[in-house]
1. Just to check your reading of the model, which residue among ALA249, ALA195, ALA170, ALA239 is open to solvent by less than 10 Å² (accessible area, probe 1.4 Å), more than 26 Å from THR44 (Cα to Cα) and among the aliphatic types (A, V, I, L, M)?
2. Conditions first: (1) within 24 Å of the chain's Cα centre (by Cα); (2) surrounded by fewer than 19 Cβ atoms within 10 Å (Cβ to Cβ). ASP26 passes all but one, so which condition is the exception?
3. Return a yes/no flag: does the range 208-231 have any residue that is open to solvent by less than 40 Å² (accessible area, probe 1.4 Å), touching a His at 6+ places or on another chain (Cβ under 9 Å), closer than 22 Å to GLY352 by Cα and at pLDDT 95 or above.
4. So which residues in the range 54-92 are farther than 13 Å from ALA133 by Cβ and among the aromatic types (Phe, Trp, Tyr)?
5. Please identify the pairs in which a residue from the range 68-83 that is more than 14 Å from THR146 (Cβ to Cβ) and among the charged types (D, E, K, R) has its Cβ atom under 7 Å from the Cβ atom of a residue that is at pLDDT 95 or above and open to solvent by less than 40 Å² (accessible area, probe 1.4 Å), counting only partners at least 6 apart or on another chain.
6. Please go through the range 252-271 and give me each residue that is buried (at least 16 other Cβ atoms within 10 Å of the Cβ) and in a strand (DSSP E or B), ordered by number.
7. Could you please let me know if THR44 is in a loop (DSSP other than H, G, I, E, B) and either polar (S, T, N, Q) or within 20 Å of the chain's Cα centre (by Cα) (or both)?
8. Being of a type in the set (S, T, N, Q) and surrounded by fewer than 18 Cβ atoms within 10 Å (Cβ to Cβ), is that true of even one residue in the range 10-23?
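The values are calculated or read from the model by the stated rules, or taken from the named source; none is laboratory data. None of the values given here were measured: they were computed from a predicted structure. Heads up, the Cβs are rebuilt from the backbone with ideal geometry, glycines too, and the neighbour counts pull from every protein chain shown. The accessibility values were calculated without ligands, DNA or RNA, using every heavy atom of the protein model including side chains. Shrake-Rupley method; radii C 1.70, N 1.55, O 1.52, S 1.80 Å.
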Amino acid sequence: MAQQVQGVVARAKGEPVRIETIIVPDPGPGEAVVKVQACGVCHTDLHYREGGINDDFPFLLGHEAAGVVESVGEGVTEVAVGDFVVLNWRAVCGQCRACLRGRPQYCFDTHNAKQKMTLADGTELSPALGIGAFAEKTLVAAGQCTKVDPAASPAAAGLLGCGVMAGIGAAINTGDVGRGDSVAVIGCGGVGNAAVVGARLAGAARIIAVDIDDKKLETAKSLGATHTVNSRSADPVEAVRELTGGNGADVVIEAVGRPETYEQAFYARDLAGTVVLVGVPTPEMRIELPLLDVFGRGGALKSSWYGDCLPSRDFPMLIDLYQQGRLDLDAFVTETIALADVEKAFERMHHGDVLRSVVMF
């Protein structure tokens with residue numbers, strides 16, 4: 001029987017979100033209903049509200065979540081009722097050319113639940129990133145549920161569902177940071193600071209955090225940055241080079257998603273170094289670089305989508321590190337809030353004084 005729950009809905013572009021009654025159907029084949037315990041307020045949800053992703057309003061927001069599987073549909077073997085799971089937005093298909101080549105982290109045919117959640121009047125909802133977890137319960141594809149240690153804090157574990165995984169993965173998976181490497185991270189919000197943590201976990205010898213906000217730089221330092229650069233008062237390219245013997249960093253991670261910061265990343269890397277773009281640009285943005293510089297500097301220019309993660313591999317591993325005290329996920333939880341406070345959390349994002357507000361149910 002379908003259930004009625006409360007969820008946060010964006011009705012139209014730029015309008016404040018509001019709590020509405022959501023109809024969650026019973027899970028069909030390959031689907032699961034998850035009772036949400038915690039969901040982080042990610043900048044991507046604000047992008048949805050602002051129409052920056054697409055215009056498929058109304059949206060059921062929220063996607064960075066953890067909870068408990070309440071029911072499963074026919075044929076589900078990945079998870080069972082009662083499992084504590086982190087939700088992910090890349091349920092791999094196992095059949096596309098990437099999966100068949102042994103690279104499921106690049107799956108080209110990821111999937112979501114086939115049924116739609118609706119408003120009380122029957123209006124179909126578009127769940128953010130196929131999840132829609134600013135709700136007491138949500139319907140997802142079973143492959144979007146990754147079972148992890150139930151002893152983990154839901155508020156911390158849920159952050160692996162998007163921002164923290166994106167940053168850590170940008171360093172470890174995409175950037176392939178190695179022991180003794182020098183790494184620069186441009187932009188020290190939630191994703192950038194997660195990249196700092198990822199670089200530290202990978203054994204980087206020098207981690208340079210770059211931002212225009214001293215408070216964010218202090219947070220980066222507390223999470224493992226060895227040096228900080230405020231790019232309001234210093235040229236970040238020259239500063240990174242100066243801190244790396246005049247060479248530039250082995251890996252530069254751009255966590256802003258703007259042409260000017262990408263250009264800084266390009267020139268702040270060493271010859272044959274790697275640039276990783278994990279910041280999300282907007283559709284109208286363009287970049288122009290001398291092709292001779294692209295050729296002559298060598299190395300690799302990469303983009304990192306979801307940290308090139310494989311949830312079934314990476315989520316349990318990172319939760320284990322968290323449980324061992326080697327990965328401080330709790331440090332990313334700035335505040336816990338109620339479902340009714342999501343709009344206020346969006347406002348706080350503009351002030352830059354939070355890593356994550358987390359809705360607790």
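1. Being open to solvent by less than 10 Å² (accessible area, probe 1.4 Å), more than 26 Å from THR44 (Cα to Cα) and among the aliphatic types (A, V, I, L, M) holds for just one of ALA249, ALA195, ALA170, ALA239, which is ALA249.
2. Answer for ASP26: the failing condition is (1).
3. yes
4. The answer is PHE57, PHE84.
5. Final answer for the pair search is GLU70/VAL33; GLU70/VAL34; GLU70/LYS137.
6. VAL252, ILE253, GLU254, ARG269, ASP270
7. no
8. Checked against the condition, which is being of a type in the set (S, T, N, Q) and surrounded by fewer than 18 Cβ atoms within 10 Å (Cβ to Cβ), the range 10-23 yields at least one hit.
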